[in-house]
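All remarks here apply to the structure that follows.
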Amino acid sequence: MYDALTRFLGTFSADNPILWTVLVIVVIGGTGLGLYAFWEVVLKAVSAVFSRGGNGPGDSPR
Amino acid sequence: MFFPNAEVAVNPFLLVLLGVIVGTLGGFFGVGGGFLITAGLLVFGVPAIVAVGTGMALILGSSIVNLLKHRHLGNVDYRLAGLTMLGTVPALLLAKALNSKLEAAGTIGPVIGYLYVALLAFLGLFFIYDYWRTRNWSRRSGESVSTAGLAQRLYAWRMPPHSIRLPGWRRVSLYAVLPVSQVESIHVLIPITIGFAVGFLSGLLGAGGGFIMLPVMIFIIGIPTTVAVGTSLLQIILTGVVGTALYSLSNHVDLLMAIIMLSAASAGSQLGASATRHVESRGIRVLFGVTVLSGGVAIALKQVGQGGRGLEYLSTVATVILLGVSGLVAVLIGVLLLRSKLGGAKRGPEIS
């Protein structure tokens, strides 16, 4: 798997410079957006868990 | 682990460590982290031009993550970023052409190395001096000291032409108002020229330009530190896109290396960007100064170590200094954030 990936990256970048450039920008940009979305979801989930933990039965509005 | 585009083997744990540190510092200081990435990759033995190209790709990705975070915090001045970008694009093309000439002449490694040392040392010492000066002044007079003297003179400078007539359009003023940055009037040629100068230097060094743009925005344009942090990221993304495209075309970007570091950097950037809300501006500036100064010292040691004469161990010392200091600053940022969260402390007063 790793060997196939490195072989693909090595040959594709050398043979198709324009497609390689597009691929690099799309992959990097997409990964950045994906990682931001991932961390937003994780942080929201964590804060939801903590805020729920802080609200005991006595804290709930009447 | 072997990286096919860089044609070099690098320990992936070192890349992850560098990525986390870059992400934390990038989120906190509003820089893409290029000065640290290229410096780190050079220290890890990656060829100079691939270090520059891969650094550009990582800058692009990590700046997208950091910008989205800062946009959420209201720290981005789109108008100012747009003006600086007008100067950045032609400067990047010029810098890339010069880089190719230096590579052909076989002098790109030393040129990038020594230019980095000079710039990082100057900026680091300047920020530390500024911290020392403002702290002493505040202690003596009990008042905060203004760091925007140059900016005030720039605002007052009525540089011709004051307006231009566009064909088929009415006369347009060349003075811009930047409400987010709290600038009432500035000639558009000033941010465009600054964008050109920063773009040229960053294109030459393979950095996003944040470590140059941030002090320029604070001390020359005179905008609040937190807005400078967010706005410089937008400019860095443009530098990142153009730079990544140019270096990818000549096959000088290692995608695998960039993805590994980007994934690690995204975790750190969450921490860094959140911390800017809880640490006062002066604290952000002095930490920035210490970090860039350590980068300069590390590259200087690396350059001396490459000269041979039994000084090869200096490369290891450079790695320890670079990762040690920036790692410590990243840990300190985490501690400051944790302390303020636990203590419910608010950010200190802004030094204007």
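Computed from the coordinates by the stated procedures, all read-outs in this text should not be read as laboratory data. In this text the structure is predicted, and so the values were computed from the model without any measurement. All Cβ positions, glycine included, derive from the backbone under ideal geometry; neighbour counts span all protein chains shown.
Tabulated values for the structure
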{"item": "Chain B - percent relative contact order, Cα under 8 Å, separation 6 or more", "result": "36"}
{"item": "Shape of the stretch A:2-49, Cα gyration tensor, a/c cut at 1.5", "result": "oblate"}
{"item": "Global geometry of the stretch B:49-123, whether rounded, prolate or oblate, following the gyration tensor of its Cα atoms and the 1.5 cut on a/c", "result": "prolate"}
{"item": "Shielding by other protein chains, A:9-22, mean Cβ within 10 Å", "result": "4"}
{"item": "Cα shape, the protein assembly as shown, gyration tensor, a/c 1.5 rule", "result": "rounded"}
{"item": "Helix-only CD estimate at 222 nm, as mean residue ellipticity for chain B, using -39500 (n - 2.57) per DSSP H run (n ≥ 4)", "result": "-24500 deg cm²/dmol"}
{"item": "Among B:ALA118, B:ALA104, B:ALA265: highest mean-square fluctuation, GNM of chain B, C-alpha pairs under 10 Å", "result": "B:ALA104"}
{"item": "Overall Cα dimensions of chain B - principal axes, largest extent first, Å", "result": "59, 57, 36"}
{"item": "Neighbourhood net charge (12 Å Cβ-Cβ; Lys/Arg +1, Asp/Glu -1) for B:TYR131", "result": "+2"}
{"item": "Lysine-lysine proximity count for the protein assembly as shown, Cα under 22 Å, sequence distance 8 or more or distinct chains", "result": "5"}
{"item": "Chain B: most fluctuating residue of B:GLY19, B:GLY240, B:GLY61 per GNM, C-alpha cutoff 10 Å", "result": "B:GLY61"}
